[in-house]
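Working notes, structure below.
The values are calculated or read from the model by the stated rules, or taken from the named source; none is laboratory data. Given the structure is predicted, the values throughout are model-derived calculations rather than measurements. With ideal geometry, Cβ positions are generated from the backbone for all residues, glycine too; neighbour counts draw on all protein chains shown.
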Amino acid sequence: MEYTASNKRNVMIWAGAGQIGMAIARRVGYGMKIIVGDKNIENAQAAAKIMNETGFDVVPVKMDLSSRDSILSMIAEGQKYGDIKMLVNAAGVSPSQASIETILKVDLYGTAVLLEEVGKVICDGGVGVTVSSQSGFRMPALTVEQDEQLACISADKLLDLEFLQKENIRDTLHAYQLAKRCNEKRVMAQSVVWGRRGARLNAVAPGIIVTPLAIDEFNGSRGNFYKNMFAKCPAGRPGTADEVANVAELLMSDRGAFITGSTFLIDGGATASYYYGDLKPRE
């Protein structure tokens, strides 16, 4: 079918075919053409099959978040069907299963590029949510200059910053924290750019959410660390993808019309406990 001005659709770009992205897409993607991209095309195809069998209209594509060309290809696929109206970015890697270099290339650089490129084409009234992490709130404050660099420097220059060089990063968790801090700052700066097009952009920062990847983590080398975290947080349990989607749905709906440039913690109080409760690191 050829899409023309008379039959074009509102389009959602959905990056990262995991459970959190799917939960959000199901809440807000009805009636839209949805393009789901994942580095593993089989993951994208499986997500599309589930969605299409429940009444959605989803096209799977292979998309590597660490590649600007791949991101542009995914956006171009969406533009075949109409205007880009929504972005759901749930793509990323795990600090337990990826190298420092991969974490920075995907979660830090890739997210910055995605927000930048979608921000160039998002339509008036459009909205985006990127899935960050509680980890961005678990590291000491950066300098004002470093925060501004993470927020505003050209995406292609991010990985050249001195404090993001491998010798200045302790381990993969530290790299992940820096990437998520960058996500928070990038959302703030890009929300200004998106606002010039009449669009909004926010982030959600989940804590421990039960997904297939998280279950692997629970059974891995850091399993006891994660289990202790959700046992001692005020909620006393891990969260679900649908609880993250509850917040994302608000942010992406008209009820969130006055919210942009913000990051919302959804961690059962784990961060609060990290600073002021039972999860506070002991000296």
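Do you know which of the residues in region 204-221 that are touching a Phe, Trp or Tyr at 6+ places or on another chain (Cβ under 7 Å) and at pLDDT 95 or above is farthest from Ser94 (Cα to Cα)?
Initial filter on region 204-221 (touching a Phe, Trp or Tyr at 6+ places or on another chain (Cβ under 7 Å)): 204-205, 208, 217-218.
Subsequent filtering for residues that are at pLDDT 95 or above retains 204-205.
Values: Val204: 17, Ala205: 14 Å.
So the residue we want is Val204.
Could you please find all residues in region 120-149 being outside any loop (DSSP other than H, G, I, E, B) and acidic (Asp, Glu)?
Within region 120-149, Glu145, Asp147, Glu148 qualify.
With respect to the numbered conditions (1) crowded, with 22+ Cβ neighbours inside 10 Å; (2) farther than 22 Å from Val247 by Cα; (3) touching a Pro at 6+ places or on another chain (Cβ under 9 Å); (4) among the small types (Gly, Ala, Ser), which one is the sole condition not fulfilled by Ala46?
(1)
What number goes with the only condition from (1) more than 21 Å from Ser191 (Cβ to Cβ); (2) modelled with pLDDT of 95 or more; (3) not aliphatic (A, V, I, L, M) that Asp124 does not pass?
Status for Asp124: all satisfied but (1).
Given the options Glu249, Glu184, Glu217, name the one that is touching a residue at least 60 places away in the same chain (Cβ under 8 Å) and touching a Lys or Arg at 6+ places or on another chain (Cβ under 9 Å).
Values: Glu184 fails: touching a Lys or Arg at 6+ places or on another chain (Cβ under 9 Å); Glu217 fails: touching a Lys or Arg at 6+ places or on another chain (Cβ under 9 Å).
Exactly one of Glu249, Glu184, Glu217 is touching a residue at least 60 places away in the same chain (Cβ under 8 Å) and touching a Lys or Arg at 6+ places or on another chain (Cβ under 9 Å), namely Glu249.
Take Glu117 and tell me if it is touching a strand residue (DSSP E or B) at 6+ places or on another chain (Cβ under 6 Å), part of a helix (DSSP H, G or I) and not hydrophobic (A, V, I, L, M, F, W, C). Give the derivation first.
Details: touching a strand residue (DSSP E or B) at 6+ places or on another chain (Cβ under 6 Å): no; part of a helix (DSSP H, G or I): yes; not hydrophobic (A, V, I, L, M, F, W, C): yes.
Spelling it out, it is not the case that Glu117 is touching a strand residue (DSSP E or B) at 6+ places or on another chain (Cβ under 6 Å), part of a helix (DSSP H, G or I) and not hydrophobic (A, V, I, L, M, F, W, C).
Is it the case that some residue within region 99-115 is more than 22 Å from Met32 (Cβ to Cβ), modelled with pLDDT under 95 and surrounded by 19 or more Cβ atoms within 10 Å (Cβ to Cβ)?
no
Could you figure out which of (1) in contact with a Gly (Cβ under 6 Å, 6 or more places away or on another chain); (2) more than 29 Å from Val28 (Cβ to Cβ) isn't true of Trp194?
Going through the list (1) in contact with a Gly (Cβ under 6 Å, 6 or more places away or on another chain); (2) more than 29 Å from Val28 (Cβ to Cβ), Trp194 breaks only (2).
Test Asp160 against the criterion of being over 30 Å from Asn246 (Cα atoms) and more than 21 Å from the chain's Cα centre (by Cα), and give yes or no.
On the way: over 30 Å from Asn246 (Cα atoms): yes; more than 21 Å from the chain's Cα centre (by Cα): yes.
For Asp160, the condition - over 30 Å from Asn246 (Cα atoms) and more than 21 Å from the chain's Cα centre (by Cα) - is met.
Determine, yes or no, whether Arg9 is at pLDDT below 95, under 20 Å from Ser253 (Cα atoms) and surrounded by 14 or more Cβ atoms within 10 Å (Cβ to Cβ). Can you show your working first?
On the way: at pLDDT below 95: yes; under 20 Å from Ser253 (Cα atoms): yes; surrounded by 14 or more Cβ atoms within 10 Å (Cβ to Cβ): yes.
The answer is yes for Arg9.
Please state which one of Ile20, Ile34 is over 16 Å from the mean Cα position of the chain (by Cα), buried (at least 20 other Cβ atoms within 10 Å of the Cβ) and at pLDDT 95 or above.
Ile34
Which residues, taken from region 226-251, are surrounded by fewer than 14 Cβ atoms within 10 Å (Cβ to Cβ) and aromatic (Phe, Trp, Tyr)?
None; the set is empty.
Within region 253-277, can you find the residues that are in contact (Cβ under 8 Å) with a residue 40 or more places away in the chain, surrounded by 12 or more Cβ atoms within 10 Å (Cβ to Cβ) and part of a loop (DSSP other than H, G, I, E, B)? Full working, then the answer.
Our first condition is that a residue be in contact (Cβ under 8 Å) with a residue 40 or more places away in the chain; within region 253-277, this holds for 253, 256-257, 259-268, 270-271, 273-274, 277.
Remaining after also requiring surrounded by 12 or more Cβ atoms within 10 Å (Cβ to Cβ): 253, 256, 259-268, 270-271, 273-274, 277.
If the condition is that a residue be in contact (Cβ under 8 Å) with a residue 40 or more places away in the chain, surrounded by 12 or more Cβ atoms within 10 Å (Cβ to Cβ) and part of a loop (DSSP other than H, G, I, E, B), then Ser253, Ile259, Thr260, Gly261, Ser262, Asp267, Gly268, Gly277 are the ones that fit.
Would you mention how many residues in region 166-198 are assigned to a loop (DSSP other than H, G, I, E, B) and touching a Leu at 6+ places or on another chain (Cβ under 9 Å)? Can you show your working first?
First, the residues of region 166-198 that are assigned to a loop (DSSP other than H, G, I, E, B): 169-171, 196-198.
Still in the running and touching a Leu at 6+ places or on another chain (Cβ under 9 Å): 169.
Residues in region 166-198 being assigned to a loop (DSSP other than H, G, I, E, B) and touching a Leu at 6+ places or on another chain (Cβ under 9 Å): 1 in total.
Say whether the condition of being in a loop (DSSP other than H, G, I, E, B) and of a type in the set (Lys, Arg) is met by at least one residue in region 88-108.
The initial filter retains those residues of region 88-108 that are in a loop (DSSP other than H, G, I, E, B), namely 90-99.
This time we only want the ones that are of a type in the set (Lys, Arg), so: none.
No, region 88-108 has no match at all.
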